[in-house]
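Here's the structure, in structure tokens; my notes come after.
The values are calculated or read from the model by the stated rules, or taken from the named source; none is laboratory data. Fair warning: this is a prediction, and the values are worked out from it, not measured in the lab. Ideal geometry is used to build each Cβ from the backbone, glycine not excepted, and the neighbour counts take in all protein chains shown. We work out accessible area using only protein heavy atoms, side chains counted, and drop any ligands, DNA or RNA first. Shrake-Rupley method; radii C 1.70, N 1.55, O 1.52, S 1.80 Å.
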Amino acid sequence: MMNFSTIKEVVYSLNHGNTITVCLAQTHHDHIPFISTLEVRSLDSDTYNYVDSDYPLFFLARRVYGTNRYVRYSEDSYDRIWWPGNGPEHDSTDTWVDNTAPVVQVNISDKIPEALFRTALTSLNSSGEIWRWGIFKNLSVPLQFNAYFSEVIQLNSTQKRSFDIKVLKTGDNVVSVYDTVIPPYGHALKVCIENITTNSSDVLGIGLVPTKDSTLPPLISALEGYVIGDKLVQGTNLNDVNSLGLLQKSFNQLQDWQDDPCLPSPYTWDWVACDSDPDSPRFTALYLNDLGLVGTLPDFSAMDALEIIDLHNNSLIEAIPEFLGTIPKLKVLEQQAEGVTELLKEEELQILTNKKTE
């Protein structure tokens, strides 16, 4: 039996602190999420800075051309995995070439490894084109590609290598033309291919097409692509989270719940309800019933957006803690009082609130 692995990679900035939380949420009923390995790499602050730091980058593809081997750490200091791209074995009009420059200067903020530029993929025909294709079904999102180049030979006065980058979307047959590229000898060049969107039927082609005055065919060293994700959110309101931590510290039954209680929506914790704020949601209800809680409630009045608190079928010592009267939006409080379930509605809660402020 053959085993297959799935790798998900994401790049994002820590704009709101120095910690990260990775949450696996089921997207279908009874599909239990799991993870085999989690790796974290720290990047410099200017890495991939062409995308606003409020937006994450989700890995799509990363290819090194001109070789059939993988490139990663220690050649790539960030330990990115560069997979061998399709070479001459897939297209008889293409060939691999070695770079004759003694050293390739890579002055790119993303710390692209010099090993990528030691070889390149080119065409056997001086007027030939190089095309690479990807199928992106049901991926109606903005895409970002970065192409990397370095001239492999020292050109003489009669030689010129220049080519256009073209993007073809077969779903709507639109061709977009990006920068004209003249690869530098002994140096690395990055070209960003931006503002690409696809729909469910698109097959995307990225092509290198020689200009009319070029005497040499195009070449490419490497290519990587990312999906630009939705804007990063702040997470559940910090005051609410801190108060929830007091509850968890007080009762063992609540301590198995971790990570953000409200996000990603709609996968909230089972015993909380949240409002619809997509950036920093608030708690609107606590469903602490039937959990066997024993003792006293800590003061969680900082959760001042709560409207419902259900405490019945527990063994709490204090029937109605005074701090509950200070929660301004609380409308329903259900609790166990001397063996009888007591439901306090908005009118009774108002009386309680008035008593606590007298």
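In the range 56-92, how many are modelled with pLDDT under 90 and of a type in the set (Ser, Thr, Tyr)?
2
Which of the numbered conditions does GLN248 fail, given that it passes all the others? Conditions: (1) open to solvent by 10 Å² or more (accessible area, probe 1.4 Å); (2) assigned to a strand (DSSP E or B); (3) free of Cβ contacts under 8 Å to residues at least 60 places away in the same chain.
GLN248 satisfies all of (1) open to solvent by 10 Å² or more (accessible area, probe 1.4 Å); (2) assigned to a strand (DSSP E or B); (3) free of Cβ contacts under 8 Å to residues at least 60 places away in the same chain except (2).
State which residue is farthest from LEU24 (Cα to Cα) when the search covers only the range 251-270 and only residues that are hydrophobic (A, V, I, L, M, F, W, C) and buried (at least 17 other Cβ atoms within 10 Å of the Cβ). Can you show your working first?
Here is the first cut: in the range 251-270, the residues hydrophobic (A, V, I, L, M, F, W, C) are 251, 254, 257, 262-263, 269.
Filter once more, so that each one left must be buried (at least 17 other Cβ atoms within 10 Å of the Cβ): 251, 254, 262-263, 269.
Details: PHE251: 24, LEU254: 19, CYS262: 13, LEU263: 11, TRP269: 13 Å.
Among those residues, the one meeting the criterion is PHE251.
Of the residues VAL167, VAL97, VAL104, which is among the aliphatic types (A, V, I, L, M), under 23 Å from SER214 (Cβ atoms) and touching a helix residue (DSSP H, G or I) at 6+ places or on another chain (Cβ under 9 Å)?
Only one candidate passes the filter, namely VAL104.
Select, from VAL209, VAL233, the only residue that is among the aliphatic types (A, V, I, L, M), more than 24 Å from ALA61 (Cα to Cα), touching an Asp or Glu at 6+ places or on another chain (Cβ under 7 Å) and in contact (Cβ under 8 Å) with a residue 40 or more places away in the chain.
Only one candidate passes the filter, namely VAL233.
Which residues, counting only those in the range 108-118, are at pLDDT 95 or above and open to solvent by less than 40 Å² (accessible area, probe 1.4 Å)?
ILE112, PRO113, ALA115, LEU116, PHE117
Tell me, please, whether a residue that is at pLDDT below 90, of a type in the set (D, E, K, R), open to solvent by 30 Å² or more (accessible area, probe 1.4 Å) and not in a loop (DSSP other than H, G, I, E, B) can be found in the range 317-339.
yes
Does the range 77-87 contain at least one residue that is without any contact (Cβ under 8 Å) to a residue 12 or more places away in the chain and in a loop (DSSP other than H, G, I, E, B)? Talk me through it step by step, then tell me what you get.
Taking the range 77-87 first, the residues without any contact (Cβ under 8 Å) to a residue 12 or more places away in the chain are none.
No.
Any residue at all in the range 271-294 that is hydrophobic (A, V, I, L, M, F, W, C), assigned to a strand (DSSP E or B), within 30 Å of HIS28 (Cα to Cα) and modelled with pLDDT under 95?
Initially, the range 271-294 is screened for residues hydrophobic (A, V, I, L, M, F, W, C), giving 271-274, 283, 285-286, 288, 291, 293-294.
Still in the running and assigned to a strand (DSSP E or B): 272-274, 283, 285-286, 294.
The next check asks that each one be within 30 Å of HIS28 (Cα to Cα); those that pass are 272-274, 283, 285-286.
Imposing the further condition that a residue be modelled with pLDDT under 95 reduces the set to none.
Scanning the range 271-294, I find no residue that is hydrophobic (A, V, I, L, M, F, W, C), assigned to a strand (DSSP E or B), within 30 Å of HIS28 (Cα to Cα) and modelled with pLDDT under 95, so the answer is no.
When the residues of the range 25-42 are narrowed to those that are surrounded by 10 or more Cβ atoms within 10 Å (Cβ to Cβ) and within 15 Å of the chain's Cα centre (by Cα), which ends up farthest from GLN258 (Cα to Cα)? Outline the logic, then answer.
Residues of the range 25-42 surrounded by 10 or more Cβ atoms within 10 Å (Cβ to Cβ): 25-26, 33, 41.
If we keep only those that are within 15 Å of the chain's Cα centre (by Cα) as well, we get 25, 41.
On the way: ALA25: 12, ARG41: 23 Å.
Looking at the filtered set, the residue picked out is ARG41.
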